[in-house]
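Written below as structure tokens is the structure these notes are about.
The values are calculated or read from the model by the stated rules, or taken from the named source; none is laboratory data. Nothing here was measured: the structure is a model prediction, and the numbers come from that model. Neighbour counts run over all protein chains shown; Cβ positions are idealised from the backbone, glycine included.
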Amino acid sequence: MKLWYLGTGSSDAIPNPFCECPTCEEARKKKGRNIRTRFQVMIDERLLIDWNADSFMRFQHANVCLARGPHSILFTHSHDDHLYEREFENIIEGYCETKPEDRKPYEIYVGESGYRMFDSWMTSLGKAAEGKYQLHLVHPYDNFEVEGYRITAFPADHDPLSSPFNYLIEDGKTSLLLLHDTGYPKEEVWEKWSKRKTPFGCVSLDCNFEWMKGKRNGHMCLEVDEEVVKRMRSLGLVDDKTTLVLSHFGHCAMSKEAFSYEGMVKRAEPLGFITSFDGMKIEF
Ligand SMILES: [Zn+2]
Ligand SMILES: [Zn+2]
Ligand SMILES: [Zn+2]
């Protein structure tokens with residue numbers, strides 16, 4: 001499975017254009033891997049996870065034409081750094097020259113809150129949007145197939161009003177568990193995972209609070225990521241072959257110490273974690 005990190009920042013990205021905290025100032029100076037746009041990943045060029053206000057520009061830079069694929073998108077939840085439904089007006093008649101008969105409708109998988117947002121926006125666009133997209137409502141623990149992948153939606157520890165999910169994506173050979181926009185996973189979820197017989201191929205963990213301490217609700221920090229991996233290892237869900245990646249980094253404006261890509265690599269690499277950056281591609 002190929003995993004492409006298109007965006008690796010939190011909701012206000014790094015640097016936040018309004019902010020002068022040590023992290024944002026350092027990112028302005030160092031640039032490169034210290035510049036982080038809002039979170040989004042692509043799997044095998046067949047499946048997209050999330051869509052935010054940074055997506056359009058990054059597809060232009062990466063020369064991606066979505067009329068040719070991916071044709072399906074899974075939304076983790078409805079916060080606007082993960083779901084920007086208004087951008088989908090660009091697939092409607094009059095804006096997009098690719099006719100519905102030339103390709104199947106865009107397949108959109110989303111929890112209840114995002115479903116309502118999408119439905120009300122796309123319906124407001126009228127006839128021009130008809131046949132251009134297909135909305136699928138995702139419930140906790142749903143297990144379904146998209147683009148040949150088996151997907152399981154686990155409820156995340158995140159704002160419940162955003163209908164948050166942590167997706168497990170399996171292709172028959174390997175598996176990817178996306179733990180983004182979640183705190184320490186819920187006990188009911190651990191119970192389901194503990195019945196699993198095989199380790200995950202890759203676990204991508206939320207590290208919104210980097211090296212701050214004790215952040216375990218809504219988002220996580222490196223210390224809590226370590227705790228998650230330790231428990232997974234004890235249950236046989238992680239082994240020496242599992243790829244462990246950290247992503248969704250915040251600028252932590254409340255911290256006096258600047259967070260940087262280089263600083264994170266120094267701390268995370270000895271613990272077995274890859275520090276993601278915008279544009280990073282991995283295979284497992
Ligand atoms: Zn987020
Ligand atoms: Zn800042
Ligand atoms: Zn969120």
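If a residue must be modelled with pLDDT of 95 or more and assigned to a strand (DSSP E or B), how many such residues does the range 71-100 contain?
Residues meeting the conditions: 4.
Could you tell me which residue of the range 221-257 is surrounded by the fewest Cβ atoms within 10 Å (Cβ to Cβ), considering only residues that are closer than 10 Å to E210 by Cβ and of a type outside the set (D, E, K, R)?
So, considering only residues that are closer than 10 Å to E210 by Cβ and of a type outside the set (D, E, K, R), the one surrounded by the fewest Cβ atoms within 10 Å (Cβ to Cβ) is S255.
Given the criteria out of contact with any Phe, Trp or Tyr (no Cβ under 9 Å at 6 or more places or on another chain) and under 30 Å from S260 (Cα atoms), does L48 qualify?
Criteria met by L48.
Just to verify a result, which residue in the range 74-92, among those that are more than 16 Å from ligand 1 (Cβ to nearest atom) and aliphatic (A, V, I, L, M), is farthest from the chain's Cα centre (by Cα)?
First pass over the range 74-92, keeping only residues more than 16 Å from ligand 1 (Cβ to nearest atom): 86-92.
Next, only the ones that are aliphatic (A, V, I, L, M) stay: 91-92.
Working: I91: 22, I92: 25 Å.
Only one residue fits best here, namely I92.
Can you pull out every residue in the range 30-44 that is away from ligand 3 (no atom under 16 Å from the Cβ) and either surrounded by 16 or more Cβ atoms within 10 Å (Cβ to Cβ) or polar (S, T, N, Q) (or both)? Lay out the reasoning, then the answer.
Start the filter on the range 30-44 by keeping residues that are away from ligand 3 (no atom under 16 Å from the Cβ), which leaves 30-35, 42-44.
Residues satisfying the conditions are R33, N34, I35, M42, I43, D44.
Hey, can you tell me all the residues within the range 131-159 that are aromatic (F, W, Y), touching a helix residue (DSSP H, G or I) at 6+ places or on another chain (Cβ under 9 Å) and at pLDDT 95 or above? Break it down stepwise before answering.
Quick first cut of the range 131-159, residues aromatic (F, W, Y) only: 133, 141, 144, 149, 154.
This time we only want the ones that are touching a helix residue (DSSP H, G or I) at 6+ places or on another chain (Cβ under 9 Å), so: 133, 141, 154.
Y141, F154, listed by residue number.
Residues A13, A27: which one is more than 21 Å from the chain's Cα centre (by Cα) and crowded, with 23+ Cβ neighbours inside 10 Å? Steps first, answer last, please.
Details: A13 fails: more than 21 Å from the chain's Cα centre (by Cα).
Going through A13, A27 in turn, the sole match is A27.
If M117 satisfies all but one of (1) closer than 24 Å to S204 by Cβ; (2) in a helix (DSSP H, G or I), what's the number of the condition it fails?
In the conditions (1) closer than 24 Å to S204 by Cβ; (2) in a helix (DSSP H, G or I), M117 misses (1) alone.
Just wondering, is there one or more residues in the range 232-249 that are within 30 Å of C19 (Cα to Cα), within 14 Å of ligand 1 (Cβ to nearest atom), among the polar types (S, T, N, Q) and touching a residue at least 24 places away in the same chain (Cβ under 8 Å)?
Checked against the condition, which is being within 30 Å of C19 (Cα to Cα), within 14 Å of ligand 1 (Cβ to nearest atom), among the polar types (S, T, N, Q) and touching a residue at least 24 places away in the same chain (Cβ under 8 Å), the range 232-249 yields at least one hit.
Can you go through K213, K192 and tell me which one is assigned to a loop (DSSP other than H, G, I, E, B) and either more than 20 Å from the chain's Cα centre (by Cα) or not basic (K, R) (or both)? Before the answer, list the steps.
Details: K192 fails: assigned to a loop (DSSP other than H, G, I, E, B).
From the options K213, K192, the qualifying one is K213.
So that you can scan it fast, the table gives a plain yes or no per residue for (1) basic (K, R); (2) touching a Ser or Thr at 6+ places or on another chain (Cβ under 7 Å); (3) modelled with pLDDT of 95 or more:
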position: G7; (1), (2), (3): no, yes, yes
position: N52; (1), (2), (3): no, no, yes
position: R58; (1), (2), (3): yes, yes, no
position: R68; (1), (2), (3): yes, no, no
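Looking only at the range 171-206, count how many residues are acidic (D, E) and either surrounded by 17 or more Cβ atoms within 10 Å (Cβ to Cβ) or within 16 Å of ligand 2 (Cβ to nearest atom) (or both).
3
I'm checking my understanding of the structure. Among residues of the range 35-50 that are modelled with pLDDT of 95 or more and more than 21 Å from N16 (Cα to Cα), which one is nearest to ligand 1 (Cβ to nearest atom)?
Within the range 35-50, the first condition is being modelled with pLDDT of 95 or more, and the residues that meet it are 35-44, 46-50.
Checking which are more than 21 Å from N16 (Cα to Cα) leaves us with 42-44, 46-49.
Numbers: M42: 17, I43: 18, D44: 23, R46: 23, L47: 19, L48: 16, I49: 12 Å.
Among them, the one singled out is I49.
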